[in-house]
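The values are calculated or read from the model by the stated rules, or taken from the named source; none is laboratory data. Quick caveat, the model's predicted, so the values are computed rather than measured. We place every Cβ from the backbone using ideal geometry, glycine too, and count neighbours over all the protein chains shown. SASA here: full protein model, heavy atoms, side chains in, ligands and nucleic acids out. Shrake-Rupley method; radii C 1.70, N 1.55, O 1.52, S 1.80 Å.
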Amino acid sequence: MAVSGNDISKPDSSTPSPSTPSERVDSSSQSSYISNAPDPRPEIPSPLKNWAEKHDMNGTVNNKMKARRAGTSWLGIYESFLLKNASQIASVESTLQHLTYLFPGKFKDAEVASEVVYSALGILGLYHDTILANALSSSESSSNYQPSLHTRYTRHFTTQNAAYKKIAYFLVVIQKTELLIEIMSRKYGGQRGQRTAIVGIESIKAGCRLALLQICGSRTIVTPPIPERDVDPKMLDPNDPIALADVGEEDADYWMMPRTGQKLPQLKEDSDATQFLMKKVLLPDDVVPGRNLMHPLTTVDGRIKEILYILRPLLYALLTLLASHLRESKKFEGRQARKIINWMPWVVGFALEYVCRDGVIDSLSSDGGIRAAMTKITGLEKRELEKRSNSTWWWTLRGQFYDSVTKPILDKMIKKTEKIPLLNLVGLYIGDYQYLMETYHFATSTL
């Protein structure tokens with residue numbers, strides 16, 4: 001089919017003609033101008049937008065509002081002040097606690113004021129320990145922090161078992177306030193109220209320890225049952241960048257190895273070298289889980305010993321109460337009988353503590369004897385056994401042993417030093433504390 005020249009010269013009106021580059025630029029600039037032009041319509045506030053600004057998608061309060069409220073609360077202000085002055089916490093607490101030792105005998109009801117301050121500082125110290133532990137766990141220094149075996153063991157149970165945490169902290173609070181409760185009971189209830197308070201407190205503590213023994217899987221109860229403050233508060237001081245440095249690393253002098261060029265710190269004393277090397281070595285206790293730092297008491301003898309050790313304070317208090325009733329009843333008038341009654345609580349209590357303090361050794365020695373047990377025992381178990389052994393000397397300040405042996409020695413010493421300058425002050429304070437040891441049960445309590 002032939003096409004005429006007129007048909008070729010006339011383009012089809014249905015197909016768009018290509019635009020020139022200048023036309024494309026003009027059209028694009030015009031569209032951008034239209035899109036960027038302000039909307040003449042007034043903006044209407046949306047309630048949904050206002051709600052979204054105050055709340056996130058989960059319906060919780062905005063983090064900024066949380067921080068603002070926490071910063072303005074009294075606890076938040078106190079915690080921030082505490083962390084800013086972390087390096088002075090231990091020294092201030094220690095100074096205040098030592099000042100309470102000067103109160104007894106200085107004015108009326110001095111022991112009440114002293115014990116109120118001492119108990120309040122003890123409970124406040126528990127709160128400070130919690131703040132410091134939380135701050136350390138969230139700080140950059142936590143990677144260099146090596147907790148003690150006791151802290152690892154107790155932290156395992158306090159974090160993994162809510163019942164253990166509540167019972168353990170309740171037990172520690174009772175221990176911090178037991179002497180104050182006894183003093184107030186004697187002041188307002190006389191000797192009868194004092195005896196009731198002693199038996200009641202010892203019963204509560206024994207029940208708490210038996211519950212902890214069950215929760216821990218029949219493991220030896222450590223003292224205290226909560227994490228101790230084994231962290232130097234200076235670690236949280238941002239102005240002390242070498243607080244967590246290894247021993248000797250804060251010194252400016254280094255010795256460079258000639259071949260490798262590695263720097264080693266210059267240590268001043270041999271003890272520093274031992275500590276420095278021990279920090280670089282992993283021991284079995286460093287890699288085992290916190291729960292396995294104490295062996296379970298697998299034998300019947302070991303469990304019975306631990307239970308009797310826990311019940312020992314309560315049995316001693318009950319025997320002391322029984323002895324006082326027997327003396328008041330005047331049924332035993334003979335000298336020998338009264339002597340037996342007076343010595344009975346002390347002898348039974350001391351024997352129970354001395355014999356039942358090492359139940360874990362009996363449990364571990366069931367397979368290979370004492371030598372095998374000493375090779376299996378952990379560092380935390382050694383620490384607890386040493387602490388129990390050292391606490392036995394407190395029996396020299398209790399019961400009939402104190403009345404018959406310790407008190408005459410102290411009286412002679414006070415009498416000889418009463419005319420010597422400075423030494424007479426020591427004798428004066430010993431005399432003031434003799435009143436506490438002779439009057440109150442918990443003045444010499446260790447468990």
On the first, second and third principal axes, largest extent first, how far apart are the outermost C-alpha atoms of region 285-353 in Å? 62, 17, 17
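Quick one: order E228, E111 from most to least accessible surface, probe 1.4 Å.
I get E228, E111, largest accessible area first.
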What's the carbon and sulfur percent of region 312-447's accessible surface, probe 1.4 angstrom, rounded to a whole number? 63
Per-residue accessible area, 1.4 Å probe, largest first, puts K165, K176 in the order K165, K176
Enter the accessible area of I409 (Å², nearest 10), with the probe set to 1.4 Å and all protein chains included. 110
From the Cα centre of region 285-363 to that of region 187-236, the distance in Å is 16
Taking region 302-447, how many lysine pairs are there with alpha carbons less than 29 Å apart, if each pair must be eight or more places apart or span two chains? 16
Show me, for region 288-301, the HN-Hα J-couplings you get by feeding each phi into the Karplus relation (A = 6.51, B = -1.76, C = 1.60, θ = phi - 60°), rounded to Hz, glycine and proline as x. 6, x, x, 5, 8, 6, 10, 6, x, 7, 8, 9, 5, 4
About the Cα centre of region 148-210, what is the dipole size in debye to 20, counting +1 per Lys and Arg Cβ and -1 per Asp and Glu Cβ, all else neutral? 80
Under the rule of at least 5 residues apart or a separate chain, name every residue whose amide H is placed under 5 Å from the amide H of R219. L297
The ³J(HN,Hα) series, computed from each phi in region 202-215 with the Karplus coefficients 6.51, -1.76 and 1.60 at θ = phi - 60°, rounded to the nearest Hz and given as x for glycine or proline, is 5, 5, 5, 5, 5, x, 5, 5, 5, 5, 5, 4, 6, 5
